[in-house]
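In what follows, a structure is listed as structure tokens, so that the remarks can point back to it.
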Amino acid sequence: MDIQLTQILFQIINFSVVVGAVSFLLYKPVLKIFDERSKRIAEGERAAVKAQKAYSEIEKRQKIVESELKKERNKVIKDAQTEAGERRDTIISDAKAQAKVEIAELKTQWENEKAMLFKKAEKDMAESILSISEKVIGDALDKKAASQLIDSELKKIIKAL
């Protein structure tokens, strides 16, 4: 068992070539791949942070927009209620005015019918009184006496009504 120097030298050279080849062919590409992966991971983390910030900003904007929409919705509802109240008041006042006009027309019509009925009743009563007085008294009254008699009797009847 001799130690041969050439063998050792040859093994050292061989080992150096293998280390150099492994280093050149495997180690550097593996380091390069690890570097690229770490860069991609760092970029992904930055993108995630950026996305979270964007998401939180979008949430803030959404809350602001929702609050503005809520305010606008409440304003629209309030305006609609106000307008509905005004319309209701207008419709009610128009209906009351129309009802007053119709009541006044009906009252006038009723008064006219009442007056015509009183005139007709007065005429019928006058004729009845004249015919009754003619039958009771026996001869016809003159127009002046008949008129006074009829007027006094009609006034008594109207007061009774």
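Where a number appears in this text, it was derived from the coordinates with a stated rule and is not lab data. On a predicted model such as this, the values are computed, not experimentally measured, just so you know. Every residue, glycine among them, receives a Cβ derived from its backbone with ideal geometry; neighbour counts consider all protein chains shown.
Table for the structure above
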{"quantity": "Set of aspartates and glutamates near Lys135 by C-alpha distance (under 15 Å), chain-local residues within fewer than 8 positions excluded", "calculated": "Glu127"}
{"quantity": "Label-point gap, in nm, between Glu59 and Leu31 - each point 7 angstrom along Cα→Cβ", "calculated": "4.3"}
{"quantity": "Answer label for volume of the Cα convex hull per residue in Å³ (calculated), chosen among (1) 152; (2) 237; (3) 136", "calculated": "(2)"}
{"quantity": "Cross-link table Lys50/Lys75; Lys123/Lys155; Lys50/Lys71; Lys120/Lys156; Lys119/Lys156, entries beyond 25 Å C-alpha to C-alpha", "calculated": "Lys50/Lys75; Lys50/Lys71"}
{"quantity": "For the range 81-92, 3J(HN,Hα) per residue [Karplus equation, 6.51 cos²θ - 1.76 cosθ + 1.60, θ = phi - 60°, Hz, x = Gly/Pro]", "calculated": "5, 4, 5, 5, x, 5, 4, 4, 4, 5, 5, 5"}
{"quantity": "Full-extension gain in nm, Ser128 to Ala160, via 0.36 nm per residue minus C-alpha separation", "calculated": "9.7 nm"}
{"quantity": "FRET E, pair Ser67, Ile41, Förster distance 45 Å, beta-carbon r, rounded to 0.05", "calculated": "0.70"}
{"quantity": "Hz values of 3J(HN,Hα) by residue in the range 21-33 - Karplus curve (6.51, -1.76, 1.60), Gly and Pro given as x", "calculated": "5, 4, 4, 6, 8, 10, 5, 5, x, 5, 4, 4, 5"}
